[in-house]
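Following: one structure in structure tokens, then a few remarks.
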Amino acid sequence: MITIELSKRQQRIIEIVKESEPITSEQIASNLNVTRATLRPDLAILTMSGILDARPKVGYFYLGKAEVNLFSQQIKNIKVSDIMSVPSIVSEDTSVYEAIVTLFLEDVGTIFVASNGSLTGVVSRKDFLKSAIGGIDINKVPVGMIMTRRPNIITVMGEENVLHAAVKIIEHEVDSLPVIEKTVVDGKENLKVIGKVSKSNITKLFMELCKE
Ligand code: ADP
């Protein structure tokens, strides 16, 4: 399948045509405050790709053959930072007991662990269950002992698109990813956690896009 990369203006044209079809190129141009000449290449792409139909003396109609592409195009324009939520972060020396309390209080399934402002690990529901089965003293053992550690942490950056995040979540079979900002401090790579993107964020986005 050929994927058409639509520009923001092309997407806007589609919305205008959908709302007001049939609509002439003059009307679309005045709606967008541009000249007809500026719009010509956009309209050519949209009619050639079967998204719009042009009828002489009538105007443009929406055909929508590339609706699926449009949906994926829209998703590709959404960044992780647009949908991320506030992360729950504890330090490595937090007891397993305290971390479980945090899990309940903040109503999350995964907690990120940081040391001196840099991500060091991730601890999830299953890690807590495993530690309970293992019979450890949850008041004494720190989360640092039971967490999944760097370099085995799958992360994402705020500017990556949400599809990248979804692919990582599915491929690595995890529920959430820390959204990080990389800096170098004293020659060491520092991973500042700025957010969290989870299956819930992505499901919510999916629902909102379908509602549109
Ligand atoms: P749950 O424990 O609720 O099934 P996950 O499927 O996310 O949640 O976690 C399964 C395992 O993967 C746990 O051991 C957890 O520490 C680890 N894990 C969770 N998120 C990540 C991540 N982003 N990167 C690496 N490992 C992770």
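What the table shows:
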read-out	value
Members of the stretch 188-209 that are out of contact with any helix residue (DSSP H, G or I) (no Cβ under 7 Å at 6 or more places or on another chain), within 19 Å of Ile170 (Cβ to Cβ) and in a helix (DSSP H, G or I)	Ser200, Thr203, Lys204, Phe206, Met207
In the stretch 50-63, the residues that are of a type outside the set (Lys, Arg) and out of contact with any helix residue (DSSP H, G or I) (no Cβ under 8 Å at 6 or more places or on another chain)	Gly50, Pro56, Val58, Leu63
Ser49 under 31 Å from the mean Cα position of the chain (by Cα), within 25 Å of Val162 (Cα to Cα), surrounded by 15 or more Cβ atoms within 10 Å (Cβ to Cβ) and small (Gly, Ala, Ser)	no
Where a residue in the stretch 150-170 is without any contact (Cβ under 8 Å) to a residue 24 or more places away in the chain and assigned by TED's automatic domain parsing to the domain that holds Met84 and its partner, wherever it lies, is near the ligand (Cβ under 10 Å from one of its atoms) and of a type in the set (D, E, K, R), with Cβ under 6 Å and at least six apart	Ile154/Lys168
The stretch 156-209: number of residues that are among the β-branched types (Val, Ile, Thr) and surrounded by fewer than 17 Cβ atoms within 10 Å (Cβ to Cβ)	7
Extreme residue, surrounded by the most Cβ atoms within 10 Å (Cβ to Cβ), among residues of the stretch 140-155 that are under 17 Å from Ser91 (Cα atoms), within 9 Å of the ligand (Cβ to nearest atom) and among the hydrophobic types (A, V, I, L, M, F, W, C)	Met147
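To keep it simple, each residue is scored yes or no on (1) in contact (Cβ under 8 Å) with a residue 12 or more places away in the chain; (2) farther than 30 Å from Gly134 by Cα.
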site	(1), (2)
Glu21	yes, yes
Ser25	yes, yes
Ala29	no, yes
Leu32	yes, yes
Leu52	yes, yes
Lys57	no, yes
Lys76	yes, yes
Pro87	yes, no
Thr94	yes, no
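One line per residue, one yes/no per condition, for (1) assigned to a strand (DSSP E or B); (2) away from the ligand (no atom under 15 Å from the Cβ):
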{"residue": "Gln73", "(1), (2)": "no, yes"}
{"residue": "Val108", "(1), (2)": "no, no"}
{"residue": "Ala114", "(1), (2)": "yes, no"}
{"residue": "Leu119", "(1), (2)": "yes, no"}
{"residue": "Leu129", "(1), (2)": "no, no"}
{"residue": "Ile138", "(1), (2)": "no, yes"}
{"residue": "His164", "(1), (2)": "no, no"}
{"residue": "Val167", "(1), (2)": "no, no"}
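The values are calculated or read from the model by the stated rules, or taken from the named source; none is laboratory data. Predicted model only: the values in this text are computed from it and were never measured. For neighbour counting, all protein chains shown are included, and Cβ atoms are generated from backbone atoms with ideal geometry for every residue, glycine included.
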